[in-house]
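Below is one structure, written out as structure tokens; the observations come after it.
The values are calculated or read from the model by the stated rules, or taken from the named source; none is laboratory data. Keep in mind it's a predicted model, so treat the numbers as computed, not measured. Every residue, glycine as well, gets a Cβ built from its backbone with ideal geometry; the counts of neighbours run over all protein chains shown. Areas reflect the complete protein model, heavy atoms only, side chains present, ligands, DNA and RNA absent. Shrake-Rupley method; radii C 1.70, N 1.55, O 1.52, S 1.80 Å.
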Amino acid sequence: MSATSLRTHLCGELRSSHIGETVSVCGWVARRREHGEHLAFVDVRDHSGVIQCVVDNVVDVRSEYVVRVTGVVRQRPDGTLNPGLATGDVEIGEGHVEVLRIATPPPFPVDARADDVDENIRLQYRYLDLRRERMQRNLRVRATVNRAVRAAMDAQGFVEVETPMLVPSTPEGAREFLVPARKEPGSFYALPQSPQLFKQLLMVAGVDRYYQIARCLRDEDLRADRQYEFMQLDAEMSFVAQADVLAAISEAVLAATEAVTGERPGTIEQMTWPDAMNRFGVDKPDLRFGLELTDITDAFAGTEFKAFASAASIKAVRVPGAAGEYGRNQLDKLTDRAKALGAKGLVWLKAAADGTFESPVAKFLGPGEVTAINDRLEVDPGDLVLIVADEWDVTCEVLGQLRNDLGRPPVHQGPYRFVWIVDFPMFVGRDAQTDRPKPGHHPFTQPHPDDVDLLERDPMSVRSQAYDLVLNGWELGSGSIRIHQSDLQRRIFAAIGIDQEEADRKFGFFLNPFEYGAPPHGGFAFGLDRLVAILAGEENIREVIAFPKTQSGADPMTNSPLPVAKEQLDLLGIRVLPPAVKG
Ligand code: ASP
């Protein structure tokens, strides 16, 4: 497969088994060293690796020249074997080099040293950056994931359907990219945040099982795990319950993981949202390490310690053996971090050999409380205990983040711990103005069947049939079983304070087609960039996207975004205001 009219082999393919064969390889000059007057060593690189060539027509070849070398594969002389290189036992001897294209010296070395080059420069010369082994590997991991996901979805009877990129602007969700419509100046399309509307209509259309490797666009601030445009495996299924969706998506991510790593992780466990919050403080727990949160609220029911007396929730984390490691300075830093995260303070206790605690607050703790902490957290001498007392969501948030700060391994340090988070609350918090419950996922999510009766009586306790897939602390994606019954949809709208008129105006285009026979359905979408980043061992999704935007949303390679000509704007009926005068 690698042979073409110009080459017989890829550079990285050659091994001892090829010794004696006359071969031609093509690629870029990785390195050139003189070897006496008439010989030169030329290392040639292509996407598969590097091969050393001993060339006897010493022509002018320099770094990154494009060359073709023809010669005979031979054993490297004793003492010159390179075990660090896959081709390190052999070389191409009697090499004849042909220059296919000369090259300007690159702005940075096209090898691992470029990892340390400023990212803007790497992105400005992305085509050189991508020539490197790490980036070639990442692109190929990505292709492997795409292929495995497609195969898994195809095998499960899903049909790949493409949905439009020019869609109506919709009044909910993330900020959109708008596209002016030339034929109707003043009107706009939006680029899709996700194919949500269309995939649900495909269910009304009787497609039964839809998937797409879909490009989604959201005009939101960029982060290590977020780009304006990103790829999702987007799926929707008819006549299903939650378990069917989880099974189908699990198959896709497990197949992708196996395709990259060679090993299939076991069945994906499920955890309820309250469990995830109570045990890990976050709804995207990283299960690769312990440091779980323990609730000790009831142990302080009658406490004399003021800071704990009025707290709705008291939680603790035990950091084994860390008492000695953490000096005053570090504990102050942890306390500052806890405060920055929203806590009023952080209580720390160092466990002494006799079962007591060393701490500025030790004198406020009663003997029963000391015993409770020791027992509940199974404290050993030398452990450090961190406690936050506050509202429940604050104790979760703060200790969940501290847990990650203290224990989270780097992304490349497996294993792959997938977990489904289920039973999300239907509503999260209340609208500041209307005091109505706010939907947790979106208002088209089915409530949990056991909780439907609570919708009017006690909406905040209603669970939803929304679920997230989490891998090593990254949220890979989310989905839900959708509402297909109009009476239930009306009740949800009523709960969040949307009347029929507003519902028709805002969501009519989406919900009216359901009147023609919407089957029960549900779906999911997960971010391929995130899955690929984790499988490639990269902390940042930009490393697994061929041409990403910088953190500030620019592309230094194409210099975009750019102003456009006035004539273009005139055609669209658009006038750009001068930049606001800064005061
Ligand atoms: N459209 C949702 C998203 O992009 C996923 C889903 O509910 O299927 O997050």
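A few points about this structure:
- Residues satisfying the stated conditions in the range 279-311, i.e. assigned to a loop (DSSP other than H, G, I, E, B), at pLDDT below 95 and open to solvent by 60 Å² or more (accessible area, probe 1.4 Å): ALA301, GLY302, GLU304, SER310
- Tally of residues being touching a Ser or Thr at 6+ places or on another chain (Cβ under 7 Å) and within 16 Å of the ligand (Cβ to nearest atom) across the range 139-191: 2
- Lone unmet requirement of (1) of a type in the set (Lys, Arg); (2) away from the ligand (no atom under 16 Å from the Cβ); (3) closer than 30 Å to ASP244 by Cβ for ARG542: (3)
- For the range 345-355, taking the residues that are under 19 Å from THR294 (Cα atoms) and more than 36 Å from the chain's Cα centre (by Cα), the one that is surrounded by the fewest Cβ atoms within 10 Å (Cβ to Cβ) is identified as GLY355.
- Looking only at the range 202-219, and only at residues there that are open to solvent by less than 50 Å² (accessible area, probe 1.4 Å) and within 27 Å of TYR516 (Cα to Cα), the one that is nearest to the ligand (Cβ to nearest atom): ALA214
- Selection count, the range 446-465, where residues are in contact (Cβ under 8 Å) with a residue 40 or more places away in the chain and not basic (Lys, Arg): 5
- Residue in the range 454-461 that is buried (at least 20 other Cβ atoms within 10 Å of the Cβ) and farther than 30 Å from ASP286 by Cβ present: yes
- Taken together, ALA316, ALA259, ALA343 contain a single residue that is in a strand (DSSP E or B), modelled with pLDDT of 95 or more, more than 19 Å from GLU475 (Cα to Cα) and of a type in the set (A, V, I, L, M), which is ALA316.
- Odd one out for ARG505 among (1) more than 31 Å from the chain's Cα centre (by Cα); (2) modelled with pLDDT of 95 or more; (3) more than 20 Å from SER238 (Cβ to Cβ): (2)
- Flag for VAL428 being aliphatic (A, V, I, L, M), out of contact with any helix residue (DSSP H, G or I) (no Cβ under 6 Å at 6 or more places or on another chain) and either without any contact (Cβ under 8 Å) to a residue 24 or more places away in the chain or open to solvent by 10 Å² or more (accessible area, probe 1.4 Å) (or both): yes
- Single unsatisfied condition, ARG209 versus (1) more than 20 Å from VAL470 (Cα to Cα); (2) in contact (Cβ under 8 Å) with a residue 40 or more places away in the chain; (3) in contact with a Leu (Cβ under 9 Å, 6 or more places away or on another chain): (3)
- GLN75, sole failed condition from (1) more than 22 Å from GLU37 (Cβ to Cβ); (2) of a type outside the set (Ser, Thr, Tyr); (3) in contact with a His (Cβ under 7 Å, 6 or more places away or on another chain); (4) open to solvent by 10 Å² or more (accessible area, probe 1.4 Å): (3)
- For GLY366: the one exception among (1) open to solvent by 10 Å² or more (accessible area, probe 1.4 Å); (2) in contact with a Ser or Thr (Cβ under 9 Å, 6 or more places away or on another chain); (3) under 30 Å from LEU454 (Cα atoms): (3)
- Restricting attention to the range 107-148, the residues that are small (Gly, Ala, Ser) and either outside any helix (DSSP H, G or I) or open to solvent by less than 40 Å² (accessible area, probe 1.4 Å) (or both) total 2.
- Every residue from the range 54-77 that is part of a strand (DSSP E or B) and without any contact (Cβ under 8 Å) to a residue 12 or more places away in the chain: none
Residue-wise test of (1) away from the ligand (no atom under 14 Å from the Cβ); (2) touching a residue at least 24 places away in the same chain (Cβ under 8 Å); (3) open to solvent by 10 Å² or more (accessible area, probe 1.4 Å).
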site: ASP221; (1), (2), (3): yes, no, yes
site: ASP234; (1), (2), (3): no, yes, no
site: VAL240; (1), (2), (3): no, yes, yes
site: ILE249; (1), (2), (3): no, yes, no
site: VAL253; (1), (2), (3): yes, yes, no
site: GLY262; (1), (2), (3): yes, no, yes
site: PRO265; (1), (2), (3): yes, yes, yes
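- Residues satisfying the stated conditions in the range 78-106, i.e. at pLDDT 95 or above, surrounded by fewer than 17 Cβ atoms within 10 Å (Cβ to Cβ) and β-branched (Val, Ile, Thr): VAL99, ILE102, THR104
- Some residue of the range 536-552 being surrounded by fewer than 17 Cβ atoms within 10 Å (Cβ to Cβ) and more than 35 Å from the chain's Cα centre (by Cα): no
- The range 481-494 residues that are closer than 23 Å to LEU246 by Cα, paired with ones that are part of a helix (DSSP H, G or I) and open to solvent by less than 50 Å² (accessible area, probe 1.4 Å) (beta carbon under 7 Å, 6 or more apart): ILE481/GLN242; ARG482/GLN200; ILE483/GLN489; ILE483/ILE492; HIS484/PHE514
- Qualifying residue in the range 512-528 (condition: without any contact (Cβ under 8 Å) to a residue 60 or more places away in the chain, open to solvent by 10 Å² or more (accessible area, probe 1.4 Å) and in a helix (DSSP H, G or I)): yes
- Some residue of the range 478-485 being of a type in the set (Lys, Arg) and surrounded by fewer than 21 Cβ atoms within 10 Å (Cβ to Cβ): no
- Set ILE498, ILE492: member being of a type in the set (Val, Ile, Thr), away from the ligand (no atom under 15 Å from the Cβ), in contact with a helix residue (DSSP H, G or I) (Cβ under 8 Å, 6 or more places away or on another chain) and open to solvent by 10 Å² or more (accessible area, probe 1.4 Å): ILE498
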